1. Placing unit charges on C-beta atoms (Lys and Arg positive, Asp and Glu negative, everything else neutral), compute the dipole magnitude of the chain about its Cα centre in debye, rounded to 20.
2. Give LYS143/LYS311; LYS135/LYS318; LYS135/LYS379; LYS177/LYS197 a once-over and call out the pairs whose C-alpha atoms are over 31 Å from each other.
3. Among MET1, MET193, MET81, rank each residue by its count of other Cβ atoms within 10 Å, from fewest to most, as a rough exposure measure.
4. Kindly put GLU151, GLU64 in sequence by how many other C-beta atoms sit within 10 Å of each C-beta, fewest to most.
5. Taking Cα centroids, how far is region 59-126 from region 289-341 in Å?
6. Of GLY155, ASN331, HIS302, which is farthest towards the positive pole of the chain's charge dipole, taken about the Cα centre with +1 and -1 on the beta-carbons of Lys, Arg and Asp, Glu respectively?
7. Sort ILE14, ILE383 so that the residue with the fewest other Cβ atoms within 10 Å of its own Cβ comes first and the one with the most comes last.
8. At a 10 angstrom cut-off on C-beta neighbours, averaged per residue, how do the peptides 309-321, 369-381, 137-149 rank from highest to lowest?
Amino acid sequence: MALTSEQRVTKSHIAIMRSKEFCMFAGVLSVGKVIFTDDIPTACTNGRDVMYNPNFIKTLDDRELNFVVLHEALHKVYQHMHLWKKLWKQSPMLTNMAADYVVNYSIHEADEQGVITKRPDSALFDLKYKGMTTKQVFELLKKDFEDNRGEGKDGHDSHDWEGAEALSDEEVKETAKQIDQALRQGEIIRGKMQGNKNRSVNELLEPKVNWREQLRDFVNATCKNKDKTSWKRPHKRFIGHDIYMPSMVGESIGQIVVGIDTSGSIGQQELNEFLTEVVAICDDVSPSSIELLYWDTHVAGHETYNQGDYKGLFESTKPAGGGGTHVGCVNQYIKDKRIQPEAIIILTDGYVENDFGGNWEYPTLWAITTRHITSPHGKTIHIDN
């Protein structure tokens, strides 16, 4: 008797769990619901639940079905449906294509010999996207289309972006937590089975360094004149917790330039968290001013906040920009305006020109939201995106 579509998907899950190529994803397969419906043409995920069309499953052999199951699981692992909503709103087609190229290459990389999987003919795949992020592939596809060299492709599955948007923030956070735990358990299983290591999973499981502490250390290190402590003025950040600590005193330091990438890659949540921390730090070290620059291909906004005014920044700031990305404009602007900052802090996704704007004359900290990108100048910290 032929197996039903539900039985075949269960069989595929078991095959994946037992394979040395993909056993690390065993736990991810159990995150969310598996739904069978005729309402979709093939298969899709909202980042938590996975849906399959039973008629589509009938067209696949066992190895092709393993590929499709892994494809949906990796969309969940990479949190594509939540991290790239902005790209989807720019171009649903290009975002779908970019995410599929990334996922399909990852499957190919883990199973080049096709032991467990077989890529369906309709699946998007190109070796030139090796090691790229969804944003990088998106930008290349976008350029191809702008140059009239691109061709729209549907791929073998659809993407439930609307379903992803319907999930609450709490549901998204809980799903991310479950997937992270599943991957860590999967690494234990992989070790016991002597399974193959997965480069992308290893990067996802790297310990996260506290970027706030790194940011604070950088700013404090530039404040050479703040080298004395005094018990006469309690430290503001501790006194609210009934802890009496001395604050730093000395001559006031100069300006701090904060450059915010407004090309569309920095979300409001990241921006709020980042500015909150910058304001708290500046409240401690008391620079003469915060020079807040919003930039894309040029400095689109320049706001100045003086000592004592930092906390009003959130009510008055007006982010400007939204075009391309060219961080060299910040470097040139500082020179043109003859700003002589004590330190420069740049918040960006890191997709800038290769030389990161040339040589920077003043101590520069790069707060980058893309984990694998590092600036060749100054110090780089990675902001959780």
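Readers should treat all values here as calculations from the given coordinates under stated rules, not as data from a laboratory. Keep in mind the model is a prediction, meaning the values are calculated, not measured. Positions of Cβ are generated from backbone atoms using ideal geometry, with glycine treated the same way; all protein chains shown enter the neighbour counts.
1. Working: 45 positive and 56 negative charges, 215 e Å.
Magnitude of the dipole: close to 1040 debye.
2. Working: LYS143/LYS311 41 Å; LYS135/LYS318 26 Å; LYS135/LYS379 23 Å; LYS177/LYS197 21 Å.
In this structure, LYS143/LYS311 exceed 31 Å between Cα atoms.
3. On the way: MET1 4, MET193 15, MET81 27.
Going from least to most buried by this count: MET1, MET193, MET81.
4. Details: GLU151 8, GLU64 19.
Arranged by neighbour count, lowest to highest, GLU151, GLU64 become GLU151, GLU64.
5. 39
6. With unit charges placed on the Cβ atoms, the residue in question is ASN331.
7. On the way: ILE14 11, ILE383 22.
Final ranking by Cβ density, sparse to dense: ILE14, ILE383.
8. Working: 309-321: 13.3, 369-381: 16.5, 137-149: 14.8.
Ranking, from highest mean packing down: 369-381, 137-149, 309-321.
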